[in-house]
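A short write-up of the structure that comes next.
The values are calculated or read from the model by the stated rules, or taken from the named source; none is laboratory data. Model, not experiment: these values are computed from the prediction. Cβ coordinates were reconstructed from backbone atoms using ideal geometry, including for glycine residues, and neighbour counts include every protein chain displayed. Note: accessible area is taken over every heavy atom of the protein model, side chains too, but ligands, DNA and RNA are not part of it. Shrake-Rupley method; radii C 1.70, N 1.55, O 1.52, S 1.80 Å.
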Amino acid sequence: MHRRTALGGALTALATAAAGVLVAAAVSTAPAAAAAGGTGTGTGYLHTSGNKIVDSTGATVRLTGINWFGMETDNKTFHGLWSSNPWRSQLDTMARLGYNTLRIPYSNDALKAGATATGINDFVNPDLIGLSPLQILDKVIDYAGSKGMRVILDRHRPTSAGQSPLWYTSTVSEATWINDWKMLAQRYAGNTTVIGADLHNEPHAEGTNPAATGACWGCGDTARDWRLAAERAGNAILGVQPNWLIFVEGVSCPSGGLSNVWDNDPSNDEDCGWWGGNLSKAGQFPVRLNVANRLVYSPHEYATSVYRQAWFDDPTYPANMPAIWDKYWGYLYKQNIAPIMMGEFGTTLQDPKDKIWLQNLMAYTGTGVNGMSFTYWSWNPNSGDTGGIANDDWTTINQPKQDILTPYLIPPTGGGGTTSPSPTGTPDTSPAPTTPPPPVTGGCTATYKQVNSWAGGFQGELTVKNTGTAAVNPWSATWTWPSGVTLASGWNATVTQSGTTVTAAAPTWASSLAPGASVTVGFTANGTAATPGSVKLNGTAC
């Protein structure tokens, strides 16, 4: 379906469950890094080769990402910016958990001149004050790129009011849809963090057959045929940015109309699936792009917490599921037609069947770098039908979900994109200097403020001032914590921990600390809240 906080009608999909091979329900809970066996998010722009996504060197890349929504809503920017967890810290956690790609939904409303971002905690995110939705997107893309993550942009809605079955509405034309995509392609040209366009979220059926009015696949009606529209938009984008991948979702019912299962007329009934999840006709009617090796099919797949499809109650469940996935989209991968990047899938895990579903779905995608790519729905805890990987505090993690996903995650490595650090506070993740930093001429002072705390962790800010008579370049602050307190994330510096000692090394874009100047290092930590002790600036006690 569409974004989980506002469902727009139930699917009437009924499928005859075909028996398949039972996928093992037990999965490993090894650390994410152990599952990698690959190249993180690769080097340069990505393209396709058969059913693989490969980087500029030809190395296979598996995108194992997560959705962070909000830019498609009335807020016009990422949700959770209202929380006490800074936006960079949230991205730090995503990367640390093993999510190497960020799928970002947006609406065309957020791209308009004069669009205003709302729902931001200015105290926690002072660097976002006064920025437009696009400027905030720029900062998130820059920081994600500095962590080696990739970004997929998702046109989720024409307006912030809600989802649409077609890619255009009476107020948002196809021309607007395409022109906005071309604008984004030009805006991020040369920035290899941004790898592609998910053209339109969850095109789906509307109206009852034979009076179908929704998105069809291969029907030939240019006003409704999603396959043809995807070609028009994809080729327009590639005309501006030929390096992008084009992600194309499925429909729900290939005819574009809902099956009327109550009219006792079997001729009107067809096999439907999730909104955006039915690519059963893509083999017969493939998307044709003007630039070779740019097409990725991107189905959506959900559990009972979204809708209780008939296949969940089949007596052979879950052995019936692989054949269903094969039919709707898996065949494209298995027949080496094109890569699969499952753009959305998720569950609250409240129904025991859902845990089995998620375990089997992940096993179906395959392990290691050669498996199918995916972006989990969602980071956001305020997703009404699935909940999130983040808990309601936007800081701690839903561990049962994460444990199922972890064996399939390939963490980001290195800096994947072209970033634009600026003195507004974008952290630098380059290694700390290997030569000893120069001593402070004079002294320093340190002040500490605890910003927030929760069960098992806390957030703080340490401000260090150079009270000496000469600049400290590069600067480096250290402090100690009691045993058991561990660093979760840090910003405004490259923050690391060894034993009980924490080091905050100067970023390259702000390496010098002038006489009388101060720097505030933010962090989140695990353990009982503790005040930093033995604070030093370049070895001089403060």
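Placing +1 on the Cβ of every Lys and Arg and -1 on the Cβ of every Asp and Glu, with nothing else charged, gives the chain a dipole about its Cα centre of roughly 1400 debye. Solvent-accessible area per residue in the chain equals 34 Å², computed with a 1.4 angstrom probe and all protein chains kept. In this structure the amide hydrogen of I340, modeled in the peptide plane, comes within under 5 Å of the amide hydrogens of S373, none closer than 5 places in sequence on its chain. Only protein atoms count toward the accessible area here, which uses a 1.4 Å probe; on the chain, the carbon and sulfur part of that area reaches 53 percent.
Here is how the number arises for the chain: DSSP H runs of 4 or more residues each give -39500 (n - 2.57), the sum is divided by the residue count, and the result at 222 nm is -4500 deg cm²/dmol. Accessible surface for T171 stands near 110 Å², nearest 10, in the context of the full protein assembly shown (1.4 Å probe). Remark: for residue pairs K334/K401; K139/K327; K327/K401; K147/K327, the C-alpha separation exceeds 31 Å in K139/K327; K147/K327. Computed from backbone phi with θ = phi - 60° and the Karplus coefficients 6.51, -1.76 and 1.60, the 3J(HN,Hα) list for the stretch 122-138 is 5, 5, 7, 10, x, 6, 9, 4, x, 7, 6, x, 5, 5, 5, 4, 3 Hz; x is used for glycine and proline. Dipole magnitude for the stretch 279-349: about 360 debye, using +1 per Lys or Arg Cβ and -1 per Asp or Glu Cβ, origin at the Cα centre.
Seen against the Cα atoms of the chain and their longest principal axis, helix 352-365 is set at about 90 degrees. Considering only chymotrypsin sites (Phe, Trp or Tyr not before Pro) in DSSP loops that have at most 10 other Cβ atoms within 10 Å, the longest stretch of the chain without any of them is 263-542.
Listed by chain and number, the lysines whose alpha-carbon sits under 21 Å from that of K536, ignoring those within fewer than 8 places in the same chain, are K449, K465. Computed with the Debye formula from one identical point scatterer per Cα of the stretch 137-281, without solvent, the log10 of I(q)/I(0) at q = 0.10, 0.12, 0.17 Å⁻¹ comes to -0.38, -0.53, -0.92. A 1.4 Å probe, protein heavy atoms only, puts the accessible area of M183 near 50 Å². Note: the chain, Cα convex hull, 139 Å³ per residue. The heavy atoms of I141 offer some 0 square angstrom of accessible surface to a 1.4 angstrom probe.
The Rg/Rh ratio of the stretch 279-371, with both radii computed over alpha carbons and Rh defined as the Kirkwood radius, is 1.00.
Short version: what are the Cα gyration tensor semi-axes of the stretch 41-89, square root of 5 times each eigenvalue, largest first, in whole Å?
Values: eigenvalues 214, 32, 15 Å².
Computed over the stretch 41-89, the values are 33, 13, 9 Å.
Along the stretch 270-281 the Karplus relation, 6.51 cos²θ - 1.76 cosθ + 1.60 evaluated at θ = phi - 60°, assigns HN-Hα couplings of 9, 7, 10, x, 4, 3, x, x, 9, 10, 4, 9 Hz to successive residues, with x for each Gly and Pro. Can you give the % of DSSP beta bridges in the chain that are antiparallel, to the nearest 5? Expressed as a percentage, antiparallel bridges in the chain total about 60.
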